[in-house]
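Structure record follows, encoded as structure tokens.
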Amino acid sequence: MSVCGIYFDGISARRQVVTLTLLNGQLRLEGDGIERSLIEGDFTIPGKLGNTARLILFANGARCEITDHVGFDRLMADAGIAPSLVGHLESSWHYAIAALALTLALVVATYVWGLPYAAERIANKIPARVQVMIDEQFMKTFDGKLLEPSHLSAERQQIISSRLLKLRIPQGGTQPTHVLFRSSPPIGPNAFALPGGTVVVLDEIVNLSSDDDEILAVLAHEMGHVAERHALRQMLQASVVGLAMTWYVGDISTLLAAAPTTLLETRYSRDFERRADDFGARMLKLNGISPGRLADILEKLEHAHAGKGASQGGSAMDYLSTHPNTAERIRSLRLMQ
């Protein structure tokens, strides 16, 4: 049997009609001025791609296109040339569905496990000086906009700063690099630590707290986020492609430019919150303060943000936002007393 095809010699654009024939177990290509045998190692046959023409690619750059799929497959089978594994898989819709399911599973696995793992590894490679630069960029971006000067007296600020800086830090943690006081009605009662160890205390959290121990409890929790680089990891996960690539090629300008906005939108996962709670509880115990004080201020923050979130869709930079597991976190902290 034989099938017809179009032959291109790889030198010119001339189209030549040829016939592919199986003769005495040997495949031959014949046409006007063309006679060549298909010798093993001198040609390749790519897998089937939909309804496009089947191809025979020769080592010297020539090619033959055949549109008769049925005839071509039969001829190849008679010649003992089996389709490639990829071609066989692509021709079966069962395998296609399986491949799609596998692809989706890999995408989900990458998102759930691979992305956090990569973010953690990258975050651990970012040097301290870059983290400090991120803090500076954050403050430069939002000072005078989202963050206003503090209305607390210099004496009150000094008291809180001194107590915070005197706290003993559990193993794995670091002392705050700077303690800054700001006011931010749009954010509401909160305090947060940036990746480089800069601690920002808002007037609103000071006014909400019953005493300084509750303020320190919030800051101890935030220092847990810093110790495990949660902010960096969340930031990298949120912009993993751009940030990771720019970091690895050595250009940190994009990282610094994207950091303020990305940090502003950061919301920690339940696992991150739980780990920061554990760190904060250990830090409080180390300094003779009950972990229950963190539970106390969490309850106040939850109530303070609940009404605000209902009317505004949640406040910006709400690191201690009302997570579904807040009640569970409070119960756990009460048990640590």
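The values are calculated or read from the model by the stated rules, or taken from the named source; none is laboratory data. All figures in this text were calculated on a predicted structure; none of them were measured in a lab. Here the Cβ is made from the backbone with ideal geometry for all residues, glycine too, and neighbour counts use every protein chain on show.
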Log entry, pairs with first residue in segment 10-22 being of a type in the set (Phe, Trp, Tyr), second being surrounded by 11 or more Cβ atoms within 10 Å (Cβ to Cβ), beta carbons closer than 6 Å, six or more apart or on different chains, reads none
The strands (runs of 3 or more DSSP E) lying entirely within segment 16-67 that contain at least 3 residues which are more than 53 Å from the chain's Cα centre (by Cα) are 16-23, 26-31, 34-37
For GLY188, the lone unmet condition from (1) in a loop (DSSP other than H, G, I, E, B); (2) at pLDDT 85 or above; (3) on the phi < 0 side of the Ramachandran plot is (3)
Taking GLU222, is it in contact (Cβ under 8 Å) with a residue 24 or more places away in the chain, acidic (Asp, Glu), touching a Lys or Arg at 6+ places or on another chain (Cβ under 8 Å) and surrounded by 21 or more Cβ atoms within 10 Å (Cβ to Cβ)?
no
Checked against (1) out of contact with any helix residue (DSSP H, G or I) (no Cβ under 6 Å at 6 or more places or on another chain); (2) modelled with pLDDT under 90, GLY197 satisfies every condition except (1)
Considering segment 27-79, residues that are of a type in the set (S, T, N, Q) and at pLDDT 90 or above, and then whichever is nearest to PHE8 (Cα to Cα), we arrive at ASN60
ask   = assigned by TED's automatic domain parsing to the domain that holds ILE289 and in contact (Cβ under 8 Å) with a residue 40 or more places away in the chain: does that describe LEU152?
value = yes
Suppose the filter is modelled with pLDDT of 70 or more and in a helix (DSSP H, G or I); does ILE289 pass it? no
**Prompt:** in contact with a strand residue (DSSP E or B) (Cβ under 6 Å, 6 or more places away or on another chain) and within 12 Å of CYS64 (Cα to Cα), is that true of GLY31?
**Reply:** yes
Flagged pairs (Cβ under 9 angstrom, 6 or more apart or on separate chains; first in segment 175-189, assigned by TED's automatic domain parsing to the domain that holds GLU228; second in a loop (DSSP other than H, G, I, E, B) and among the acidic types (Asp, Glu)) are ILE187/ASP318; GLY188/ASP318
